[in-house]
Amino acid sequence: MTISSVTQLLGGKKALGREVRTRMDLIDLSRKGVSKEALLYLAKFMGLPVSQMAALLPVTERTIQRYAPKEHFDRVVSENILHLAEVAARGMEVFEDNDSFRAWIDQPSTALGGRSPKSLLPSRFGIDMVLDELTRIEHGVAA
């Protein structure tokens with residue numbers, strides 16, 4: 001997974017307001033804050049309405065709705081958005097198309113304790129488990 005694929009899912013320089021090329025840039029971006037516009041790009045890619053994105057983040061749907069497109073979320077919400085973008089970018093890399101990734105993320109997985117990958121995304125620990133499972137899938141290793 002490349003940093004450029006993460007930033008592309010967030011609308012690129014236009015939505016992020018800066019070039020993001022390294023993991024250090026991601027740290028700086030999380031400190032500055034990710035814009036609502038970038039979150040909406042990610043939601044569109046993942047095929048999720050704002051209400052479902054809010055369920056994956058430490059912010060309410062109403063708060064997201066109140067933000068202006070160029071307004072930035074705080075560091076905690078921004079880091080969560082970046083982690084979700086990382087999962088989406090990794091999923092695209094493994095499945096090679098958006099429809100397959102979207103189908104997989106909603107399906108219960110034996111390797112994830114019978115839970116769907118999406119149900120684990122509100123937790124950083126869950127995100128790590130989903131990323132690990134994507135790596136296993138990529139390498140053809142059954143968990």
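Numbers at a glance
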item	result
Cut-off 15 Å between beta-carbons: net charge of the residues surrounding Leu121, Lys and Arg +1, Asp and Glu -1	-1
In sequence order, calculated HN-Hα J values of the stretch 59-70 (Karplus, 6.51, -1.76, 1.60; Hz; x Gly/Pro)	7, 7, 4, 4, 5, 4, 4, 6, 5, 6, x, 8
Ranked by how many other beta carbons lie within 10 Å on average, peptides 59-72, 27-40 from highest	27-40, 59-72
Estimated translational D of the stretch 58-104 in µm²/s (Stokes, Kirkwood radius over Cα pairs; 37 °C; 0.692 mPa s)	267
Per-residue HN-Hα couplings for the stretch 121-134 [Karplus 6.51, -1.76, 1.60; θ = phi - 60°; Hz; x = Gly/Pro]	5, x, 10, 4, 5, x, 4, 4, 5, 5, 4, 4, 5, 4
Estimated D of the stretch 20-85 in µm² per second, where Rh is the Kirkwood radius over Cα pairs and Stokes-Einstein applies at 20 °C, 1.002 mPa s	183
The chain, relative contact order in percent, only Cα pairs under 8 angstrom and at least six apart counted	23
Pairwise Lys count, the chain - Cα closer than 18 Å, eight or more residues apart or different chains	13
Mean residue ellipticity (222 nm) of the chain, computed from DSSP H runs ≥ 4 via -39,500 (n - 2.57), nearest 500	-19000 deg cm²/dmol
Cα-only radius of gyration and Dmax that characterise the chain, units Å	14.5, 44
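Read the figures in this text as sums done on the coordinates, not as results from a lab. What you see is a predicted model; the values in this text were computed from it and never measured. Cβ sites come from the backbone with ideal geometry, for glycine too, and all protein chains shown count toward neighbours.
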